[in-house]
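A short write-up of the structure that comes next.
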Amino acid sequence: MRCVLVGPPGAGKGTQAQYIAQARLIPKISTGDIFRLNVRTGTELGVKAKQYMDSGDLVPDEVTIEMVRNRLAEDDAVKGFLLDGFPRNVPQAEVLGRMLDEMGTRLDVVLELVVDDDEVVRRLSGRRTCRNCGTVWHVDFDPPAVEGICDRCGGELFQRDDDRSETVRHRLEVYAEQTSPLVAYYAERGVLIGLDATGPVDNVTDRALDALRHQGD
Ligand code: AP5
Ligand code: MG
């Protein structure tokens, strides 16, 4: 299955991507995670991306597109992938379409996670992420057994810099202006499925897997 997850910051893309990718045996490709890894390890890509991420703006397309092109060329992406956080605007979607054409394939489905702004703010203000394995937790809605420690791997949990309330507001504006046009773009191409992403994490996962059951191989 070749699938894109779209939805506002905090909609649960990363959370659902980890379960969907596991269930469908495809790699989860999260541009935000790849950027954060590069920032942490101080690569040239990380240095370029950091200032944009800190302010909640999109990293320039030429940087992002090259990174995704390289990632999609890796062996594990040949049979399918789940993209989380890419494309993020119509130009990125057009380039992705051309990249897949060149590979002789196409997207099966774009799953839109639908939640309102108040819920997004609640989710982001309590988010914690594992420094070691990247698993996403929430202090109230999806807490680990021991505060500050990842249940999966024992790693330390941290709060993302861009989850400060002013930056969250700006990320929501960027989503509305630049990313939300993708919903109409993919609806016109007949590949969009809208999913109610409210309610407990497990219920959203069940609905997502059900909505995707006939998609791809
Ligand atoms: P990115 O990392 O993609 O951030 P985002 O889109 O803002 O999305 P988030 O990761 O904040 O939210 P999410 O939907 O993954 O929610 P999560 O599952 O964590 O991008 C960061 C930055 O990188 C961008 O601002 C930009 O600068 C740059 N970037 C990335 N891609 C780019 C691109 N293509 N082009 C240009 N720049 C790019 O869940 C949130 C919280 O809610 C968690 O605590 C979770 O436990 C909780 N939660 C999840 N589901 C539920 C539920 N059902 N009920 C209750 N709580 C829930
Ligand atoms: Mg995410």
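Rounded to whole Å, give me the distance from the Cα center of the stretch 98-168 to that of the stretch 1-68.
Distance between centres, Cα-based: 10 Å.
Can you work out D for the stretch 59-112 in µm² s⁻¹ from Stokes-Einstein, where Rh is the Kirkwood radius over C-alpha pairs, the temperature is 25 °C and the viscosity is 0.890 mPa s?
Numbers: Rh = 11.6 Å.
Answer from the Stokes-Einstein relation: 211 µm²/s.
If each residue of separation counts as 0.36 nm, what is the full-extension length gain between ARG152 and ASP196 once their alpha-carbon separation is subtracted? Walk me through the numbers before you get to the answer.
On the way: separation 44, 0.36 × 44 = 15.84 nm, distance 2.70 nm.
Residue separation times 0.36 nm, minus the Cα-Cα distance, leaves 13.1 nm.
When the chain is treated as a GNM, springs tying every alpha-carbon pair under 10 Å, which of GLY126, GLY42, GLY104 comes out with the largest mean-square fluctuation?
Ranking GLY126, GLY42, GLY104 by mean-square fluctuation puts GLY104 first.
So for the stretch 12-79, averaging the separation of alpha carbon pairs under 8 Å that are six or more residues apart and normalising by length, what relative contact order in percent results?
Values: 35 pairs, mean separation 17.3, N = 68.
Relative CO of the stretch 12-79 lands at 25 percent.
Based only on other Cβ atoms within 10 Å, what is the fewest-to-most ordering of HIS214, HIS170, HIS138? Write out the running numbers ahead of the final one.
On the way: HIS214 9, HIS170 16, HIS138 19.
Lowest count first: HIS214, HIS170, HIS138.
How far apart, in nm, are two points set 7 Å out from the Cα along the Cα-to-Cβ line at MET103 and at ASP140?
Result for the modelled spin labels: 4.0 nm.
Scan around VAL6 for amide H atoms under 5 Å from its own, H built in the peptide plane at 1.01 Å from N, and keep only partners 5 or more places away or cross-chain.
Correct list: LEU111, GLU112, LEU113.
With the crude spin-label approximation of a point 7 Å out along Cα→Cβ, what separation in nm comes out for ALA184 versus GLU119?
Label-label distance for ALA184 and GLU119, simple model: 2.4 nm.
Starting from the 7 Å offset along Cα-to-Cβ, what nm value, one decimal, do you get for the label separation of VAL47 and LYS79?
4.0 nm
Determine the dipole magnitude for the stretch 7-59: charges of +1 sit on the beta-carbon of Lys and Arg, -1 on that of Asp and Glu, nothing else is charged, the reference point is the Cα centre, and the result goes in debye to the nearest 20.
Working: 7 positive and 4 negative charges, 37 e Å.
For the stretch 7-59, the charge dipole is close to 180 debye.
If you average the sequence gap of Cα pairs under 8 Å that are 6 or more apart and divide by the length of the chain, what percent do you get for the contact order?
On the way: 316 pairs, mean separation 66.0, N = 217.
Worked out over the chain, it gives 30 percent.
If one puts a single equal scatterer on every Cα of the stretch 153-198 and applies the Debye formula without solvent, what log₁₀ I(q)/I(0) results at q = 0.17, 0.25 Å⁻¹?
Reported log10 I(q)/I(0), two decimals: -0.74, -0.92.
For the stretch 59-172, just the Cα set please: Rg and Dmax, both in angstrom.
Calculated on Cα positions, Rg and Dmax stand at 17.1, 47 Å.
Under the Karplus relation 6.51 cos²θ - 1.76 cosθ + 1.60, θ = phi - 60°, what is the ordered set of whole-Hz ³J(HN,Hα) values for the stretch 13-22, x standing for Gly and Pro?
For the stretch 13-22, the Karplus curve yields 4, x, 4, 6, 4, 5, 6, 5, 4, 5 Hz.
Arrange LEU209, LEU83 by Cβ neighbour counts within 10 Å, fewest through most, would you?
By the 10 Å Cβ count, ascending, the order reads LEU209, LEU83.
Output needed for the chain: three equivalent-ellipsoid semi-axes, defined as square roots of 5 times the C-alpha gyration tensor eigenvalues, in descending order, whole Å.
So the equivalent ellipsoid measures 25, 21, 18 Å along its semi-axes.
Taking neighbour Cβ counts within 10 Å as the exposure measure, how do ILE34, ILE193 sort from fewest upward? Walk me through the numbers on the way to the answer.
Numbers: ILE34 20, ILE193 15.
The fewest-first ordering by Cβ neighbours comes to ILE193, ILE34.
Using the Cβ atoms and a cut-off under 13 Å, what net charge is assigned to the surroundings of ASP206, where Lys and Arg are +1 and Asp and Glu are -1?
Values: positive: ARG207, ARG213; negative: ASP196, ASP202, ASP210.
Every neighbour counted, the sum reads -1.
Just subtract the alpha-carbon distance of ALA23 and GLU62 from 0.36 nm times their residue separation and send over the number in nm, one decimal. Let's see the in-between values first.
Working: separation 39, 0.36 × 39 = 14.04 nm, distance 3.22 nm.
Answer, rounded to one decimal: 10.8 nm.
Whole-Hz ³J(HN,Hα) for each residue in the stretch 50-55, computed from phi via Karplus 6.51 cos²θ - 1.76 cosθ + 1.60 with θ = phi - 60°, x for glycine and proline: what do you get?
Here the 3J(HN,Hα) series is 4, 4, 5, 5, 4, 8 Hz.
Taking θ = phi - 60°, what integer Hz values does the Karplus form 6.51 cos²θ - 1.76 cosθ + 1.60 yield along the stretch 30-47, in sequence order, with x for Gly and Pro?
Working through the residues one at a time gives 10, 5, x, 5, 5, 4, 4, 5, 5, 5, 5, 8, x, 6, 4, 4, x, 5 Hz.
Every read-out reported here was derived from the displayed coordinates using simple, explicitly stated rules and does not represent laboratory data. Model, not experiment: these values are computed from the prediction. Every residue, glycine among them, receives a Cβ derived from its backbone with ideal geometry; neighbour counts consider all protein chains shown.
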